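Worksheet for the structure shown next.
Computed from the coordinates by the stated procedures, all read-outs in this text should not be read as laboratory data. None of the values given here were measured: they were computed from a predicted structure. Here the Cβ is made from the backbone with ideal geometry for all residues, glycine too, and neighbour counts use every protein chain on show.
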Amino acid sequence: MTNADMRWKQRFANYKKAHNRLKNAAVFFAAKSGCEEEPLAIEALIKCIELSFELAWQTMKDFMSYKGYIKDLYGSRDSIRGAMQFNLIEGDGQPWMDMIDDRNRAARIYDEGVAKHLANRIVDGYCGEFVKFEEKMNSFL
């Protein structure tokens with residue numbers, strides 16, 4: 001096994017662990033919605049998506065490099081655009097681009113209303129994107 005082959009597989013293994021935590025955080029958020037612990041559940045969900053997203057786009061980048069995709073991939077936007085061309089993610093990639101914007105918004109401004117809106121976007125849409133990505137990448141193992 002080459003270093004590039006090992007790298008994307010190791011990154012993907014870490015992604016799957018982070019994605020599992022994200023799924024658990026989504027369950028925790030649903031259980032605590034409207035309760036005193038809701039702000040904690042929201043923060044847990046946001047932190048879990050940050051890690052899952054980071055590992056997802058880095059897995060995309062590593063996998064494309066392993067496959068010989070020679071375009072410059074400098075960050076998450078480049079990697080997502082490449083992943084769309086490489087068919088690692090479905091559709092127009094807009095949910096993934098939205099994740100970048102939401103991640104940046106959550107990191108810079110903490111407002112409970114914005115955080116709750118983001119938590120709902122995570123549960124209602126982004127979690128599904130992560131599931132599809134994991135299924136796609138599993139097909140390459």
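Would you work out the charge dipole size for the stretch 40-80 about its Cα centre, treating the Cβ of every Lys and Arg as +1 and the Cβ of every Asp and Glu as -1, and quote it to the nearest 20 debye?
160 debye
Computed over the Cα atoms of the chain, what is the ratio Rg over Rh, Rh following Kirkwood?
With Rh from the inverse mean 1/r over Cα pairs, Rg/Rh is 1.00.
Trypsin sites (Lys or Arg not before Pro), restricted to the stretch 53-132: which are DSSP loop and have at most 16 other Cβ atoms within 10 Å?
Answer in residue order: K67, K71.
Dipole size in debye (nearest 20) for the chain around its Cα centre, Lys and Arg Cβ +1, Asp and Glu Cβ -1?
580 debye
I'd like the Karplus ³J(HN,Hα) series for the stretch 18-26: coefficients 6.51, -1.76, 1.60, θ = phi - 60°, whole numbers in Hz, and an x wherever there's a Gly or Pro.
5, 5, 4, 5, 4, 4, 5, 5, 5
Would you tally the net charge around E54, using a Cβ to Cβ cut-off of less than 12 Å, leaving E54 out, and scoring K and R as +1, D and E as -1?
Within the 12 Å Cβ shell, the charges total +3.
First select every other residue whose beta carbon is under 13 angstrom from the beta carbon of E38; then total the charges, Lys and Arg +1, Asp and Glu -1.
-2
Would you list H19, H117 from fewest to most Cβ contacts within 10 Å?
H117, H19
Taking the beta-carbon count within 10 Å as an exposure proxy, list D124, D78 from fewest neighbours to most.
Ordered from fewest to most neighbouring Cβ atoms within 10 Å, D124, D78 come out as D124, D78.
How large is the convex hull of the C-alpha atoms of the stretch 49-105 per residue, in Å³?
Hull volume over Cα atoms, normalised by residue count, gives 68 Å³.
Cross-chain or 8 or more residues apart, Cα under 18 Å: how many lysine pairs in the chain fit that? Count them up, please.
Within the chain, the lysine pair count is 24.
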